[in-house]
Amino acid sequence: MNLPGRYKLPPGKALKCKKLLYGLKQSGFGWHEMISGWLLQHGFENLDTDDVTFKKETTKLDGTVSKILLTIHVNDAIVATNDDEYYQKFMDELGTSFELSASGKLTWFLGCKVEQDLVKGTVCMSQEKYCNDVLQRFKMSDANAVHTPCEANQHLQASDSPSMEHRDPNVVRDYQQAVGSCMFLTVFTHQGARHGSDTGSQAVQDCRHGTTI
């Protein structure tokens, strides 16, 4: 951290941050440690190595089992339960330690549309809006769609690109952002696009005009 205004630290001195502030490098880690620690203290069990998915269950007097599944992304979370009363008790406990808001039935999460059919027991996820937003952002809304946008056996290399002094920084930035947008699609609904996005990501530092993602 730097001192505000014209103040400067004496040589050999450093500031110690006593409270996590939004935007600091360690804030995300600190928040995750806090929320995961709270969940473990309140009877939740971690289900994965990334500490993002947790489960808690209890057996009621009538022999039925109430369950809560919770997955966290930074300060957003999805909660699934088979017992509304058990869920409300959990939300009340969580609300005593954190400021939170419940959005009701899950319909959108991280730009992904979610449609649930409790009768059929199905969940449908769609990123159509996200795809259209990305196409508009990079002025490709009118581009013709093809089934295999990535060429077979394509190998990108630095020699395909202009030399450093001839590279347009705006093209480099747009290419890197386009690759990142495509990679986000592969997380939820478009795993089939992973090969193309991974190939494009290998050239984010050596991009050129006309490279296809």
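Data table
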read-out	value
Estimated inter-spin distance, GLN191 and SER103, nm [label 7 Å along Cα→Cβ]	2.4 nm
Where N is the number of residues in the range 27-104, Cα Rg divided by 2.2 N^0.38 Å	1.10
Entries of LYS67/LYS113; LYS67/LYS89; LYS113/LYS139; LYS19/LYS89 with Cα pairs more than 19 Å apart	LYS67/LYS113; LYS113/LYS139; LYS19/LYS89
Relative contact order of the range 27-104, pairs being alpha-carbon contacts under 8 Å that are 6 or more residues apart, as %	17 percent
Between the range 1-23 and the range 36-111, the alpha-carbon center distance in angstrom	37 Å
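No lab work stands behind these numbers, since they all come straight from the coordinates. Since the model is a prediction, treat every value here as computed from it, not as a measurement. Note that each Cβ is placed from the backbone with ideal geometry, even for glycine, and that neighbours are counted across all protein chains shown.
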